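This report refers to the structure that appears directly beneath it.
The values are calculated or read from the model by the stated rules, or taken from the named source; none is laboratory data. Not measured: the values here are computed from a predicted model. Ideal geometry is used to build each Cβ from the backbone, glycine not excepted, and the neighbour counts take in all protein chains shown.
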Amino acid sequence: MMKVFDDLIMPDVLMPALKKLPSEILISFLSSGAPLLYFYFNSNNIGELHSNLKSNITNDEMLVYIIFFFFLFILTAKIRDLYRNEIMKKIYNVVYNVSCGITNVYRVAAGVILALPLVWYISEPKTLTATIALYLLVLGLSFAGMSSLLSAIHERTQLIFQNQKFM
């Protein structure tokens, strides 16, 4: 079973994912962290910001769906590699585009989580502890790392298929 993932997860993907991490952090911050700060500074209402964030947080069912689609993407990429036909090409393209959207979910989460300590510090500085700030930083960087890994996997599968001339 692990052989299915070897082409996508090993050094050809991990090193590019690490190299992409700084740009993924920037993309994450610009796509969701900066708008969060803008929203807070314009409304200056932490309660409204909290309810807005709460309505956009991914629940457990969505997280299971995201993980399922990640593995479906890798499996579809491998099957497409084995069975080079038009039906697999179409199925792969659909799964690829959905998984790109899932990468963006990780980017948005990373940006919000990384901007949250700043908003918290400005709005309620006495309640933000170093432990909470560190936790949020590590969590935000983890989401950025995941988006970097997913992005590198997408690029790797595209490169593999373009080199095989059946893209």
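The condition (being of a type outside the set (A, V, I, L, M, F, W, C) and in contact with a Lys or Arg (Cβ under 9 Å, 6 or more places away or on another chain)) is satisfied by just one residue among Ser142, Ser148, Ser99: Ser148. Can Leu139 be described as at pLDDT 75 or above and buried (at least 19 other Cβ atoms within 10 Å of the Cβ)? Judged against the criteria, Leu139 is not a match. Scanning region 75-86 for residues that are of a type in the set (A, V, I, L, M) and either at pLDDT 80 or above or closer than 26 Å to Met146 by Cα (or both) returns Leu75, Ala77, Ile79. Among the residues of this structure, Ile27 does not count as one that is out of contact with any Cys (no Cβ under 6 Å at 6 or more places or on another chain), more than 25 Å from Ala152 (Cα to Cα), β-branched (Val, Ile, Thr) and modelled with pLDDT of 70 or more. Val119 meets the conditions (1) crowded, with 20+ Cβ neighbours inside 10 Å; (2) among the β-branched types (Val, Ile, Thr); (3) within 19 Å of Tyr65 (Cα to Cα) in every case but one. The failed one is (3).
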